[in-house]
């Protein structure tokens, strides 16, 4: 029971302090070091019994409990992603409309746009300033912090809106964050300006809000161009239900798996096989980039074991994301067709046809349709993606580097 309480309390703390992938990595690094893990860069050589971790740009982390066997004999891997659906603030985001100051955003991952309206929101992230310093931003989580919101129209004005589908009635372009409004100036300053000109000052609210941002957080408008700011629901995780049997919190997909995987690693000991925990970024948008599973994190390894591991992770992710490969389809689709004949079960076949009859003739017909409706376009797409897009990219990079040498 005590261990269960420790796990639950630690998980809630993780959700509270890890609302972005950077915050999750920072949290896991602290927990790892508490449990005897060391940054791999601090060691000259790794041996059996060592506990090490390495991070990638502060947004992905790999933890290893080194076993006595070599990596060519395999390892035990737990993996999860630590990014969650959210709103990202654009690089030139601040604008004023009808005396209200907004931040322009774009959504990240598979969000339901209507869920983000009239909800207290917080801003988390980092700002890289011109002098090379970095400002960590977290506004909206403390009790005395302001929060932000995306407004909605009143119910009695929303008759047309309510007739549209959930995917359409809130366009993604309208998910802009209210940052502030027109702030009254000092009366003496206001009267002095009125004497000079009767024309209304342009973007007065925007200027006033930016001044507050500068005074309170040392952030200027131009700093947004080198910032990574994320908009997330404000507030701490809460117990859900009278029996407190559930947890209500933002970001549990897939941080519930990330925390429990790390917790399992911290509370176990590798014997023969090395234990590994991978917590990565960018799963919500296809695992792209240097901090996602599709990165070349392991591919550039010199040892055979590293290259084998490099193959395992991207292929697994490729399948999980629902992408198609002609060789894999040659096995799985015919296997599904044959199994439907044996058990008399209709098949839902994506990319082929929607339904197959129970008899052998129906199976043959579906096989033919599979050949030209699925296998042919998938094969051509694989050839184009692998040989042209990826191949030319590699050729250009390595050809240039070899020529420079």
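Just so it is clear, none of the values below were taken in a lab; they were calculated from the coordinates. All values reported here derive from a predicted model rather than from experimental measurement. For neighbour counting, all protein chains shown are included, and Cβ atoms are generated from backbone atoms with ideal geometry for every residue, glycine included.
The table that follows gives values for the structure above.
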{"read-out": "For the stretch 86-238, the fraction of alpha-carbon pairs in successive 5 Å shells from zero, as %", "value": "2, 8, 15, 19, 18, 14, 11, 8, 4, 2, 0"}
{"read-out": "Förster radius 41 Å - calculated FRET efficiency between residue 46 and residue 111, Cβ distance, rounded to 0.05", "value": "0.50"}
{"read-out": "Net length gained if the chain between residue 168 and residue 214 were fully extended (0.36 nm per residue, minus Cα distance)", "value": "12.9 nm"}
{"read-out": "Calculated FRET value between residue 136 and residue 207, using beta carbons and R₀ = 25 Å, to 0.05", "value": "0.50"}
{"read-out": "Simple spin-label estimate for residue 119 and residue 4 in nanometres, 7 Å along Cα-Cβ", "value": "3.0 nm"}
{"read-out": "In nm, spacing of pseudo-spin labels at residue 147 and residue 253 (7 Å Cα→C-beta vector)", "value": "2.2 nm"}
{"read-out": "FRET E, pair residue 33, residue 365, Förster distance 60 Å, beta-carbon r, rounded to 0.05", "value": "0.45"}
{"read-out": "Share antiparallel - DSSP beta bridges, the stretch 15-163, percent rounded to 5", "value": "90 percent"}
